[in-house]
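Below is one structure, written out as structure tokens, with a few remarks after it.
Each reported figure results from applying straightforward, stated rules to the coordinates on display, with no laboratory input. Because the structure is a prediction, the values reported are computed rather than measured. Here Cβ is always computed from backbone atoms with ideal geometry, including for glycine, and neighbour counts include all displayed protein chains.
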Amino acid sequence: MQERLFTPGPTEVRAELLNELARPQLHHRTEEFVQLYDSIQAYLKQLLFTENPVLLFTSSSTGAMEAAVTNGVKKRCLNLVNGAFGERWHEIAVMNGVPCDKLEIEWDKAIKPELVDEALASGKYDALTLVFNDTSTGVLNPLAEISEVMKKYDEVLFFVDAVSAMGGVEIRVDEWGIDMCLAGLQKAFGLPAGLAVASVSERLLARAREVEPRSYYFNLPLMYKYHQQSQTPVTPAIPQMFALKKQLEDIVEGEGIEKRFKRHQEMAAVVQEWALKHFDIYPEEGYWSPTITCILNTRDISVGDLNRELVNKYACRIASGYGKLKEKCFRIAHMGDLNLIDIKGLLAAIEDILGL
Ligand SMILES: *Cc1c(COP(=O)(O)O)cnc(C)c1O
């Protein structure tokens, strides 16, 4: 039986979207491609509430994270860390020789605006990286409030990893002054992996032109030059673009953006209530993610055994804790095109297996 994924990437992909991947190839230097590119562009701007261009990266999300720090840092970058993906962004900067520091707090806590304010007041930094929804911990950092603080620091570019949020949670790129807001498609978009998207501000493009290029593949000024012709500098993942167009059409014109965000909140509420009844929730209260719940393993069950039984008996898969939280937690993703019936079915299956 086909396994159903309640994992935080890759996520379930609807059959209608899988079918899009099987379309005959378009050549990318054609008018048809330009139309495809333009329609994706228009929808992504609506989804992100932005006038900024949204560039397409034929890579996973990590490629777009790399593009942010290689293009957008002249002086020094501050990497905020309260989970594995915050840590990854710091490692990316280090490995690319980008001057950077990390500011790490406990992983079950959210990053508060006062902390950001204090760190930026040093005047040492011209860029900041923040993971909106750290998938490793299920913490949703208070992006809107942090963005208020960022407005005090003109020189500091604001880079946001919205990988497991975009398409499931409201993100107001222009209102919140986000210079680069990035995500891969295999999370809350409910599409296969292989393409990432990122809005880029004029300020970021101006900075990137001043910085000595550190990358060819992820060169933002070059990507933007092609973007102006509704093109990409290199051959993009065209099948993923067909699927992305269809999914955006369904999100914007079918379900509706607001309804999609509301559905994610409803699924989260069901999982949170269940988790509090039978276990506990890992992150501090008030910052629980609408797309993934990281459940504290207070009953000391074997997470590996639970997942094996879910797969064998119910053809469903959840995720263990991430990295150092492997057996300490387990994670249920409620993102993409899953709905309440799916989530309630999964929870009933877990109750059956654990005898709850
Ligand atoms: C999955 C994930 C990434 C990495 O994504 P890839 O597409 O595997 O490169 C980065 N950040 C967050 C928050 C994620 O959830």
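Within segment 94-110, what residues put their amide N at less than 14 Å from the label point 7 Å along the Cα-to-Cβ vector of Val211?
Taking a point 7 Å out along Cα→Cβ of Val211, the residues of segment 94-110 whose backbone N falls under 14 Å are 94-101.
Using the 4.7 Å Cβ rule, please list in number order the cysteines from the chain without any candidate partner.
Cys181, Cys294, Cys316, Cys329
Taking 0.36 nm per residue of separation and subtracting the Cα-Cα distance, what length does fully extending Lys75 through Glu202 add?
That works out to 43.9 nm of additional length.
What are the GluC sites (Glu not before Pro) within segment 254-303 that DSSP puts in a loop, where the Cβ has at most 13 other Cβ atoms within 10 Å?
Loop-located and lightly packed - Glu284, Glu285.
Which order do the peptides 9-19, 122-132 take when ranked by the mean count of other beta-carbon atoms within 10 Å per residue, highest first?
122-132, 9-19
Output the antiparallel fraction of DSSP beta bridges having both residues in segment 16-253, as a percent to the nearest 5.
40
How far apart, in nanometres, would the label points at Glu266 and Glu106 be if each is projected 7 angstrom from Cα along the Cα-to-Cβ direction?
So the two model labels end up 3.5 nm from each other.
In nm, what is the difference between 0.36 nm times the number of residues separating Tyr226 and Glu284 and their Cα-Cα distance?
Separation in residues times 0.36 nm, less the Cα-Cα distance, equals 16.5 nm.
Over segment 225-356, calculate the relative contact order: mean separation of alpha carbon pairs under 8 Å at least 6 apart, over the residue count, as a percent.
22
Let me check I've understood the local charge: for Ser320, count other residues with C-beta under 13 angstrom from its C-beta, Lys and Arg +1, Asp and Glu -1. What total comes out?
Neighbour charge sum, excluding Ser320 itself: +4.
Packing-wise, with mean Cβ within 10 Å as the measure, how do 193-203, 133-143, 233-243 rank, highest first?
For the peptides 193-203, 133-143, 233-243, the packing ranking is 133-143, 193-203, 233-243.
Please report the relative contact order for segment 12-126, taking Cα pairs under 8 Å with a sequence separation of at least 6, and give it as a percent rounded to a whole number.
For segment 12-126, the relative contact order is 20 percent.
Too long at a 30 Å Cα-Cα cut-off: which of Lys259/Lys313; Lys259/Lys326; Lys45/Lys151; Lys74/Lys324; Lys102/Lys259?
In this structure, Lys259/Lys313; Lys259/Lys326; Lys74/Lys324; Lys102/Lys259 lie more than 30 Å apart at Cα.
Length gain on complete extension for the stretch Glu273 to Glu32, per 0.36 nm per residue less the alpha carbon to alpha carbon distance?
Taking 0.36 nm per residue and subtracting the Cα distance, the gain is 82.0 nm.
For the residues Arg23, Arg317, what sequence is obtained by ranking on other C-beta atoms within 10 Å, fewest first?
Result, fewest neighbours first: Arg23, Arg317.
Taking the convex hull of the Cα atoms, report for segment 54-139 its projected area averaged over all directions, in nm².
With every direction weighted equally, the projected area is 5.8 nm².
Can you tell me which of Met180, Met223, Met166 moves the most in a GNM of the chain? Springs connect C-alpha atoms under 10 Å apart.
The residue that fluctuates most here is Met223.
Once you have the alpha carbon radius of gyration of the chain, what is it after dividing by 2.2 N^0.38 Å, with N set to its residue count?
0.98
Note down the relative contact order for the chain as a percent, whole number, built from C-alpha pairs under 8 angstrom at least six residues apart.
Rounded, it is 25 percent for the chain.
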